[in-house]
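Have a look at the structure below, then the notes.
The values are calculated or read from the model by the stated rules, or taken from the named source; none is laboratory data. Note that the structure is a prediction, hence the values are computed from the model and not measured. Neighbour counts are summed over all protein chains in view; Cβ atoms, including those assigned to glycine, are modelled from backbone coordinates with ideal geometry.
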Amino acid sequence: MTASPFTCLSHSAEETAEFARRIGARLESGDTILLTGPVGAGKSHFCRSLIQSRLSEPEDVPSPTFTLVQMYDTTKDQIWHADLYRLTGTDEIEELGLFDAFEQAICLVEWPDRLGGTAPPDALALTLSASPEDENHRTLEFTWSAPKWAAKLDGVAHG
């Protein structure tokens with residue numbers, strides 16, 4: 001069983017995408033992943049890979065930097081991809097419909113610090129950071145408090 005925090009090293013963009021696909025296969029409605037990291041750390045790449053792995057038909061998955069939220073329908077559920085970088089206050093979160101989405105959809109939230117104290121308490125937090133030695137390497141650190149995440153992440157690093 002995986003314990004929090006759980007850290008893995010990705011040696012390439014494709015390996016990061018593979019982690020996203022493996023995790024994506026285990027998600028269900030009501031699951032939220034909060035992605036933190038500096039610009040260029042791979043947050044959008046992770047989300048794009050996860051979303052594409054859940055779609056029945058290939059579809060372009062742009063970063064929601066300007067739209068704030070993009071929604072995708074899969075055969076089983078809906079995925080909300082939110083980029084909150086441009087938010088100026090937590091009152092805007094209500095307008096986006098995120099609180100309902102946290103309960104009814106799979107949610108991937110970039111820049112979750114903009115949520116303030118309104119982030120779902122059972123969310124999985126993912127921090128991505130680039131290696132100073134190799135620009136292709138990423139450290140992915142997963143932390144959680146909800147017991148469901150230990151089972152969902154068990155074996156993810158090993159395929």
**Message:** Just checking, does the range 127-136 include any residue being at pLDDT 95 or above, crowded, with 16+ Cβ neighbours inside 10 Å and either out of contact with any helix residue (DSSP H, G or I) (no Cβ under 7 Å at 6 or more places or on another chain) or farther than 18 Å from residue 18 by Cα (or both)?
**Reply:** yes
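If you take the residues of the range 99-114 that are free of Cβ contacts under 8 Å to residues at least 60 places away in the same chain and out of contact with any strand residue (DSSP E or B) (no Cβ under 6 Å at 6 or more places or on another chain), which of them is surrounded by the most Cβ atoms within 10 Å (Cβ to Cβ)?
Keep residues of the range 99-114 that are free of Cβ contacts under 8 Å to residues at least 60 places away in the same chain, which gives 99-101, 114.
With out of contact with any strand residue (DSSP E or B) (no Cβ under 6 Å at 6 or more places or on another chain) added as a condition, the list becomes 99-100, 114.
Values: 99: 13, 100: 11, 114: 20.
Once the filter is applied, the top-ranked residue is 114.
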**Item:** Matching residues, the range 1-40, being in contact with a Lys or Arg (Cβ under 7 Å, 6 or more places away or on another chain) and farther than 16 Å from residue 76 by Cα
**Value:** 10, 16, 35, 37
**Request:** Give the number of residues within the range 67-104 that are closer than 21 Å to residue 50 by Cα, β-branched (Val, Ile, Thr) and touching a helix residue (DSSP H, G or I) at 6+ places or on another chain (Cβ under 7 Å).
**Result:** 3
**Fill in**
Counted residues in the range 86-103 being out of contact with any Pro (no Cβ under 7 Å at 6 or more places or on another chain) and either modelled with pLDDT of 90 or more or in a helix (DSSP H, G or I) (or both) come to 11
**Members of the range 104-159 that are under 14 Å from the mean Cα position of the chain (by Cα) and not in a strand (DSSP E or B)** = 105, 111, 112, 113, 119, 120, 122, 123, 144, 149, 152, 153
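Could you list all residues from the range 12-55 that are among the β-branched types (Val, Ile, Thr), in contact (Cβ under 8 Å) with a residue 24 or more places away in the chain and not in a helix (DSSP H, G or I)? Before the answer, list the steps.
Looking only at the range 12-55, we keep the residues that are among the β-branched types (Val, Ile, Thr), and these are 16, 23, 32-33, 36, 39, 51.
Next, only the ones that are in contact (Cβ under 8 Å) with a residue 24 or more places away in the chain stay: 16, 23, 32-33, 36, 51.
Residues satisfying the conditions are 32, 33, 36.
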**Message:** Take the residues in the range 26-60 that are under 22 Å from residue 100 (Cα atoms) and among the aliphatic types (A, V, I, L, M); name whichever of them is farthest from the chain's Cα centre (by Cα).
**Reply:** 55
**Message:** Suppose the filter is more than 14 Å from the chain's Cα centre (by Cα) and either among the small types (Gly, Ala, Ser) or exposed (fewer than 12 other Cβ atoms within 10 Å of the Cβ) (or both); does residue 88 pass it?
**Reply:** yes
**Asked** All but one of (1) among the hydrophobic types (A, V, I, L, M, F, W, C); (2) surrounded by fewer than 16 Cβ atoms within 10 Å (Cβ to Cβ); (3) at pLDDT 90 or above hold for residue 39; which doesn't?
**Response** (3)
